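Trainee: Submitted below is the structure of interest, expressed as structure tokens.
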Amino acid sequence: MKENGVEVIDGLNTDISADFVHIKLLDKIKSRMQLRDDLIEREQAQILKPNEVKFYEESFTYKHSKFGLSSPLTPFNPKKTKNFAVLYRERIYFLGSQAEQEVFLAQPSQYTKGCEPVPQDLTYRPSAAVIGLPSCGKSNLAQIISSQTGMVHLRPEEIIESFIKRESVFSDRLRRKTQIMGDEVDDTAFIEMLQ
């Protein structure tokens, strides 16, 4: 509860042991202490009701955040709703749910400072290519990237072997070219396999 702008801890029974009072007091101020870096930032964030969003969008002072209609908490899986908007530092942030809104309000700077914007209308699907000299650690790096991001690790040798084992006209040509004639797979054929 607040009195004259100061938060007052109310309802704490002090008739019991000092240790118990200490534990209860720490429990009540825990969220303030853990999130103290954002005390000032939290005061600058305010919830916008769905009917207020249009007014703020049409004003010249307030603009959409760099995330657009995507949530800064889950920018790559946007729900694109205006029901859980937050006004923070003259920008409007659109959160996907009530729970996301509460998390954002607790630490707004964590989700806004140093974050890169994302495409507004696209679902982002990251891809990476690891290029380097033979035996320099490309496969190990690709495996680490794959395990940490969930990207599919494509290995050219495994792709070529899987096509050689198939029964098709393309596979027969590929088998003849690589196993009988000893040629390498050209770029055009490899691109065809990937497609």
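The values are calculated or read from the model by the stated rules, or taken from the named source; none is laboratory data. Here the structure is a predicted model, which is why all the values come from computation and not from measurement. Because the Cβ atoms are built from the backbone with ideal geometry, glycine has one as well, and the counts that use them run over all protein chains shown.
Trainee: Kindly state which helices (runs of 4 or more DSSP H) lie completely within the stretch 1-63 and contain at least 3 residues that are on the phi > 0 side of the Ramachandran plot and modelled with pLDDT under 80.
Mentor: It comes to none.
Trainee: Still on this model: Looking only at the stretch 95-102, decide whether some residue is in a loop (DSSP other than H, G, I, E, B), loosely packed, with under 15 Cβ neighbours inside 10 Å and modelled with pLDDT of 85 or more.
Mentor: no
Trainee: Return the pairs, sorted by first residue and then second, in which the second residue is modelled with pLDDT of 80 or more and of a type in the set (Asp, Glu), the first residue lies in the stretch 157-182 and is closer than 24 Å to residue 139 by Cα, the beta carbons are less than 7 Å apart, and the residues are 6+ apart or on different chains.
Mentor: none
Trainee: Out of 141, 87, report the one residue that is surrounded by fewer than 14 Cβ atoms within 10 Å (Cβ to Cβ), modelled with pLDDT of 85 or more and not in a loop (DSSP other than H, G, I, E, B).
Mentor: Every option except 141 fails the conditions.
Trainee: Hey, could you check the stretch 150-166 for residues that are among the charged types (D, E, K, R) and in contact with a helix residue (DSSP H, G or I) (Cβ under 8 Å, 6 or more places away or on another chain) and say which is nearest to residue 191 (Cα to Cα)?
Mentor: So the residue we want is 155.
Trainee: Has the stretch 163-179 got at least one residue that is of a type in the set (D, E, K, R) and within 26 Å of residue 130 (Cα to Cα)?
Mentor: no
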